[in-house]
Amino acid sequence: VSTQSTGSSVAFQIKMQVTLLLLLLATLTLVSCHTNMISINGNRNCVRKFPNNSPIEDLNSNLMKCYGASSPAPSRCSFNEGQTVTLKWYHNDGEAVAASHKGPITVYLAEASSNGNGAAWFKIAERGYSNGKWAVDELNAAKGNWRVKIPEGLKPGNYIMRTELLALHSAQTRGGAQFYVGCADITVTGNGKASCSPKVAIPGGQWVRNADDSSVKLSIYWPPVTSYKIPGPRVATCSA
């Protein structure tokens, strides 16, 4: 019994040391390893100008909408309904975002006439945690390229695209989740007649309930993650 007890104690100490090391690494990368979504299909002119590449941590901040970029971009990117486009995130030449900044990636649209105000945002894509990998792991493996499909049948018009990369490396502390938000102005073309739902306000309780929501307050180090609920509503259903 004594031998088993000693073995368990050693194993626990090793686990705690590993956890502390990972937390230290996350802290060391906290300042220098931020990111932005910089282009769609290689076009930077339709991405709204962002003030810097720092994260947003206040869930109630209006910066969550478009990181304060309320003015439209210099031009709009035009895509057909049902088209797959490639978003590009950039941190440095080696990665899209620091490897420690693990977490989900989601993409929303809102009709441009709403300016993103009120319950205007519908989710068109999300990726969280699957088979031991986070969306951020996949993003870095793809060198910052992220493919997203414009909903098939979506009615033509002008839209705001909102991208959300959520880094959870410090999320074990309340308020420690880091949101990297960007917006772009796009035009959807085609013969679609569909509207999409559900729509939510960002920020707002249907997007993230509060700072204790399990999607934004959790340890990704210990105990090991086995499942994860991505913030926000389900991916929208679009119908005429």
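The values are calculated or read from the model by the stated rules, or taken from the named source; none is laboratory data. It should be emphasised that the depicted structure is a prediction, and the values quoted were computed from it without experimental measurement. With ideal geometry, Cβ positions are generated from the backbone for all residues, glycine too; neighbour counts draw on all protein chains shown. For accessibility, only protein heavy atoms count, side chains too; no ligands or nucleic acids. Shrake-Rupley method; radii C 1.70, N 1.55, O 1.52, S 1.80 Å.
Considering the dipole of the chain built from charges on the beta carbon (Lys and Arg +1, Asp and Glu -1) around the Cα centre, which of SER71, TRP121, THR189 is farthest to its positive end?
Sorting the options by dipole projection puts first THR189.
Using only protein heavy atoms and a 1.4 Å probe, report how much of ARG76 is accessible, in Å² to the nearest 10.
Here the residue's solvent-accessible area equals roughly 90 Å².
Ranked from highest to lowest mean number of other Cβ atoms within 10 Å per residue, what is the order of the peptides 120-127, 50-57?
Numbers: 120-127: 21.6, 50-57: 14.9.
Most protected by this proxy first, the peptides run 120-127, 50-57.
Over the Cα atoms of region 121-240, how large are the radius of gyration and the largest Cα-Cα distance (Dmax), in Å?
Computed over the Cα atoms of region 121-240, radius of gyration and Dmax are 15.8, 50 Å.
At a threshold of 8 angstrom on Cα-Cα distance, excluding pairs fewer than six apart, so keeping six or more, what relative contact order does region 105-151 reach in percent?
Details: 41 pairs, mean separation 15.8, N = 47.
Relative CO of region 105-151 lands at 34 percent.
How long are the three semi-axes of the equivalent ellipsoid for the chain, computed from the Cα gyration tensor as the root of 5 times each eigenvalue, in whole Å, largest first? Could the numbers behind the result be given before it?
Values: eigenvalues 254, 66, 53 Å².
Each semi-axis is the square root of five times an eigenvalue, giving 36, 18, 16 Å.
Using +1 on the beta carbon of Lys and Arg, -1 on that of Asp and Glu, and nothing else charged, what's the dipole of the chain about the Cα centre, debye to 20?
Details: 23 positive and 14 negative charges, 67 e Å.
Rounded to the nearest 20 debye, it is 320 debye.
With each run of n ≥ 4 DSSP H residues scored as -39500 (n - 2.57), what mean residue ellipticity at 222 nm is computed for the chain after dividing by its residue count and rounding to the nearest 500 deg cm²/dmol?
-5000 deg cm²/dmol
Which FRET efficiency, nearest 0.05, do VAL225 and ASN41 yield, Cβ-Cβ r, R0 30 Å?
Numbers: r = 33 Å, r/R0 = 1.09.
The pair VAL225/ASN41 has a calculated efficiency of 0.35.
Pick out, from GLN206, PRO156, GLY175, the residue whose Cα sits farthest towards the positive end of the charge dipole of region 142-216, with +1 on the Cβ of Lys and Arg and -1 on the Cβ of Asp and Glu.
Ranked along the dipole, the leading option is PRO156.
Note the per residue figure in Å³ for the convex hull of the C-alpha positions in region 71-186. Before the final figure, lay out the partial values.
On the way: hull volume 15.3 nm³, N = 116.
It comes to 132 Å³ per residue, whole-number rounded.
Express the relative contact order of the chain as a whole percentage, based on alpha carbon pairs under 8 Å and six or more residues apart in sequence.
Working: 550 pairs, mean separation 57.9, N = 240.
Result for the chain is 24 percent.
Using a 1.4 angstrom probe on the protein heavy atoms only, line up ASP58, ASP213, ASP185 by accessible area, largest first.
ASP58, ASP213, ASP185
Quick check: the angle from helix 2-28's long axis to the longest principal axis of the chain, C-alpha only, nearest 10 degrees?
Once rounded, one gets 40 degrees.
Direction-averaged shadow area of the convex hull around the Cα atoms of region 169-240, nm²?
Working: hull surface 26.2 nm².
Mean orientational projected area (region 169-240, Cα hull): 6.6 nm².
Of the cross-linked pairs LYS143/LYS229; LYS65/LYS217; LYS149/LYS193; LYS143/LYS193; LYS149/LYS217; LYS65/LYS102, which ones have a Cα-Cα span greater than 27 Å in the structure shown? Intermediate values should be presented prior to the final figure.
On the way: LYS143/LYS229 25 Å; LYS65/LYS217 20 Å; LYS149/LYS193 17 Å; LYS143/LYS193 35 Å; LYS149/LYS217 29 Å; LYS65/LYS102 21 Å.
With Cα atoms farther than 27 Å apart: LYS143/LYS193; LYS149/LYS217.
Compute, for region 98-191, the length of the dipole vector about the Cα centre, with Cβ point charges of +1 (Lys, Arg) and -1 (Asp, Glu) only. Units Debye, rounded to 20.
Numbers: 10 positive and 7 negative charges, 40 e Å.
In debye, rounded to 20, region 98-191 gives about 200.
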